[in-house]
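For reference, the structure discussed in these notes is given below.
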């Protein structure tokens with residue numbers, strides 16, 4: 001006669017919980033520095049990457065190296081007053097703002113950095129884009145699901161929303177969106193458009 005009994009519900013739940021904790025520990029190194037030595041399965045490591053920030057898509061992978069580094073690059077902001085075309089030097093000469101903001105990636109990692117650049121609202125005002133407008137952002141990328149995105153006014157007019165030129169006190173690395181990128185509170189990392197090319201009122 002077989003006296004083996006199936007595990008109790010409590011034992012089963014304890015096993016599931018222990019497995020979840022172990023998996024969290026083995027992937028937590030992408031978000032928590034103390035767990036980096038245990039980072040067996042996570043795709044990124046906290047503090048690893050250009051400027052100590054992880055990267056999920058490099059400039060080379062996006063095919064933007066030549067266009068992003070071109071002296072002819074301009075950020076074009078289009079609104080009712082027409083199009084304002086700004087070089088990186090012109091952007092850097094404008095009043096700058098700073099914000100400490102996180103990036104939370106769809107891969108599961110998150111990190112926080114100190115960003116600086118121009119308030120997005122200031123650029124929208126320069127082009128005459130109304131405060132309640134949704135805007136469209138286009139990257140230099142010519143392919144990929146995130147080459148274009150939209151921002152509702154609740155994001156576009158957030159006082160912490162920046163067209164960032166620098167991160168952690170340094171000029172943006174190409175892999176982090178040089179010459180300019182969007183950084184906005186409360187948005188997934190995939191929607192924080194890198195290698196920014198145009199900003200326009202969304203039709």
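The values are calculated or read from the model by the stated rules, or taken from the named source; none is laboratory data. From a predicted model like this one, the values you see are computed outputs, not experimental measurements. Every residue, glycine among them, receives a Cβ derived from its backbone with ideal geometry; neighbour counts consider all protein chains shown.
Some values worked out for this structure:
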| read-out | value |
| --- | --- |
| Failed item in (1) under 14 Å from residue 117 (Cα atoms); (2) out of contact with any helix residue (DSSP H, G or I) (no Cβ under 6 Å at 6 or more places or on another chain); (3) surrounded by fewer than 17 Cβ atoms within 10 Å (Cβ to Cβ), with residue 181 passing the rest | (3) |
| Single residue of region 138-148 satisfying the filter (part of a strand (DSSP E or B) and out of contact with any helix residue (DSSP H, G or I) (no Cβ under 8 Å at 6 or more places or on another chain)) that is nearest to residue 190 (Cα to Cα) | 148 |
| Leading residue by the ranking (surrounded by the fewest Cβ atoms within 10 Å (Cβ to Cβ)) among those in region 152-178 that are touching a helix residue (DSSP H, G or I) at 6+ places or on another chain (Cβ under 7 Å) and assigned to a strand (DSSP E or B) | 170 |
| Residues that are in a loop (DSSP other than H, G, I, E, B) and closer than 18 Å to residue 74 by Cα, drawn from region 179-195 | 179, 180, 193, 194, 195 |
| Residue check for residue 198: in a strand (DSSP E or B) and touching a strand residue (DSSP E or B) at 6+ places or on another chain (Cβ under 7 Å) | yes |
| Residue within region 80-93 that is assigned to a strand (DSSP E or B), surrounded by fewer than 18 Cβ atoms within 10 Å (Cβ to Cβ) and free of Cβ contacts under 8 Å to residues at least 12 places away in the same chain present | yes |
| Residues of region 69-79 satisfying the condition of being in contact with a strand residue (DSSP E or B) (Cβ under 6 Å, 6 or more places away or on another chain) and in a loop (DSSP other than H, G, I, E, B) | 74 |
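Condition check ((1) at pLDDT below 95; (2) touching a helix residue (DSSP H, G or I) at 6+ places or on another chain (Cβ under 7 Å); (3) not in a strand (DSSP E or B)) across all residues:
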residue: 48; (1), (2), (3): yes, no, yes
residue: 67; (1), (2), (3): no, no, yes
residue: 100; (1), (2), (3): no, no, no
residue: 107; (1), (2), (3): yes, no, yes
residue: 117; (1), (2), (3): no, no, no
residue: 125; (1), (2), (3): no, no, yes
residue: 133; (1), (2), (3): no, yes, yes
residue: 136; (1), (2), (3): no, no, no
residue: 150; (1), (2), (3): no, no, no
